[in-house]
Amino acid sequence: MKLILLGAPGAGKGTQAEIISEQYGIPTISTGNIIRAALKNGTEMGLKAKSYIDAGELVPDEVVIGIIKERLSEPDCQNGYILDGFPRTIPQAEALDNMGFAIDAALSIEVPDDEIVKRMSGRRVCEKCGASYHTAYKKPEKDGVCNLCGGDLVIRKDDEPETVKNRLHVYHEQTEPLKAYYQNCGKLFTVQGQEEVADTTRLVLAELEKLI
């Protein structure tokens, strides 16, 4: 199974990728992780990426695509893989097609923006030990105080409502058009993200069973 996971930031793609990976015995290919691995291993594309990162610049598409190609050519991808975080744009999707790595499906996890803002802006992290909480789903025993070490609970910058809204804007503008791209190829499947991870997982696995 060769699968692309789509969905807005905060829709729970990462968790579902881990579950699918374990269920089907195929690796998850996360763009950030493989760029870090390419840097560490000093591959040709990793060295190219390093030159941009060291200069404080974004790694261009052609280098990211090269790193993806290196990773998908490894033996553990022969029976399938899950792409999480790539492609992010139509040109990247076209480049993936042109590389000859045909995918079986693109699965989009759908969660309304207001729900994503609620989920992410409600996260709290302990300054001392890093334990995580949520104002709605996982409240501490004492408001603003970590159950484990008594440290102060804070909201990370990435989880602030305005930051989340900005990330959603970028997603809708750059990545959401991929849904139409894969719909036109007859490869788009959608799942409505649920409050409980297990409920979303049940729907995801039911869709994937249709591919087997």
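The values are calculated or read from the model by the stated rules, or taken from the named source; none is laboratory data. No experiment lies behind these values; they were computed from the predicted model shown. FYI the Cβ positions are ideal-geometry reconstructions off the backbone, even for glycines, and counts take in every protein chain you see. Side chains are part of the model used for accessible areas, which takes the heavy atoms of the whole protein and leaves out ligands, DNA and RNA. Shrake-Rupley method; radii C 1.70, N 1.55, O 1.52, S 1.80 Å.
Whether a residue is basic (Lys, Arg) and under 30 Å from Leu96 (Cβ atoms) was assessed, and Lys179 passes this test.
The condition (being modelled with pLDDT under 95 and under 17 Å from the mean Cα position of the chain (by Cα)) is satisfied by just one residue among Arg156, Arg167: Arg167. Can you find a residue in region 4-24 that is assigned to a helix (DSSP H, G or I), modelled with pLDDT under 85 and surrounded by fewer than 17 Cβ atoms within 10 Å (Cβ to Cβ)? So far as region 4-24 goes, no, none of its residues is assigned to a helix (DSSP H, G or I), modelled with pLDDT under 85 and surrounded by fewer than 17 Cβ atoms within 10 Å (Cβ to Cβ).
For region 38-46, indicate whether the set of residues that are basic (Lys, Arg) and closer than 18 Å to Asp76 by Cβ is non-empty.
Of region 38-46, the ones basic (Lys, Arg) are 40.
So of that shortlist, the ones also closer than 18 Å to Asp76 by Cβ come out as 40.
Within region 38-46, one or more residues are basic (Lys, Arg) and closer than 18 Å to Asp76 by Cβ.
Among the residues making up region 107-153, those that are open to solvent by 30 Å² or more (accessible area, probe 1.4 Å), assigned to a strand (DSSP E or B), within 17 Å of Glu195 (Cα to Cα) and in contact (Cβ under 8 Å) with a residue 12 or more places away in the chain are Glu110, Arg123. Within region 40-51, no residue satisfies the criterion of being of a type in the set (Asp, Glu) and either at pLDDT 85 or above or open to solvent by less than 50 Å² (accessible area, probe 1.4 Å) (or both).
Residues in region 161-212 that are of a type in the set (S, T, N, Q) and either open to solvent by less than 90 Å² (accessible area, probe 1.4 Å) or assigned to a helix (DSSP H, G or I) (or both): Thr163, Asn166, Gln174, Thr175, Gln183, Asn184, Thr190, Gln194, Thr200, Thr201. Just give me the residues in region 1-37 being polar (S, T, N, Q) and either closer than 18 Å to Ile68 by Cα or within 10 Å of the chain's Cα centre (by Cα) (or both), in sequence order. Answer for region 1-37, where residues must be polar (S, T, N, Q) and either closer than 18 Å to Ile68 by Cα or within 10 Å of the chain's Cα centre (by Cα) (or both): Thr15, Gln16, Ser21, Thr28, Ser30, Thr31, Asn33. Looking at Asp97, Asp61, Asp54, can you tell me which residue is farther than 26 Å from Thr201 by Cβ, out of contact with any helix residue (DSSP H, G or I) (no Cβ under 9 Å at 6 or more places or on another chain) and surrounded by 12 or more Cβ atoms within 10 Å (Cβ to Cβ)? The conditions single out Asp97. Determine whether region 91-104 contains at least one residue that is at pLDDT 90 or above, closer than 20 Å to Phe189 by Cβ and in contact with a Ser or Thr (Cβ under 8 Å, 6 or more places away or on another chain). Checking region 91-104: not a single residue is at pLDDT 90 or above, closer than 20 Å to Phe189 by Cβ and in contact with a Ser or Thr (Cβ under 8 Å, 6 or more places away or on another chain).
Look through region 72-99, keep the residues that are assigned to a helix (DSSP H, G or I) and of a type in the set (Gly, Ala, Ser), and return whichever of them is farthest from Gly10 (Cα to Cα). Spell out how you get there, then give the answer.
Let us first name the residues in region 72-99 that are assigned to a helix (DSSP H, G or I), namely 72, 75-77, 90-98.
After this cut, where a residue has to be of a type in the set (Gly, Ala, Ser) as well, the list is 93, 95.
Values: Ala93: 22, Ala95: 26 Å.
The qualifying residue farthest from Gly10 (Cα to Cα) is Ala95.
Open to solvent by less than 40 Å² (accessible area, probe 1.4 Å) and modelled with pLDDT of 85 or more - does that describe any residue in region 31-39? No, region 31-39 contains no residue that is open to solvent by less than 40 Å² (accessible area, probe 1.4 Å) and modelled with pLDDT of 85 or more.
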